[in-house]
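No value in this document is a laboratory result; all are computed from the given coordinates. Remember, it's a predicted structure, so these values are computed and weren't measured experimentally. When we count neighbours, we look across all protein chains shown, and the Cβ atoms used for this are built from the backbone with ideal geometry, even at glycine.
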Amino acid sequence: MRILIGKINGEEVLMGGTLKRQAILRKPLPLNKGEKGDIILMARQDSEEILPKSNVPREYTFSEADNWGYDGTGPVSLARNVLFHFTEDKAFTEENYVFFVEDVVSRLSIDNSHVIYGEFIEAWIKSKQ
């Protein structure tokens, strides 16, 4: 199942869809504490970049970098960081990060950059409360 996350420049973005590189920043600016904006995930774009980038503040550091597109420590770290950033609730984060990996993070293509809209994340969180 593909889930509509939102629109960029009038184009629908589906979970698992890709973004044109010019539609997003080369190095995403980090979200500030309490800021519930969109999550920008930047895939490696050339051989000089070793790790993917995101604009999610890293409260949890279980891997060298937050990642997506599979089920492992990078996606677990991303899921925990996203959920904690949006809820500031460690208990909720620990109870639900596995489901966020399954529902969202692991379904994104590892080779592509993505935007996950804040509204989508807030709706997902609400569905689990």
- Charge tally in the Cβ shell below 9 Å around LEU41, where Lys, Arg are +1 and Asp, Glu are -1, LEU41 excluded: 0
- Message: Test of understanding: ordering LEU83, LEU108, LEU78 by Cβ neighbours within 10 Å, fewest first, what list do you get?
- Response: LEU108, LEU83, LEU78
- So between ARG107 and GLU95, what do we pick up on full extension, going 0.36 nm a residue minus the alpha carbon distance? 2.3 nm
- Query: What is the calculated FRET efficiency for SER127 to GLU35, with r their C-beta to C-beta distance and R₀ = 25 Å, to the nearest 0.05?
  - Reply: 0.70
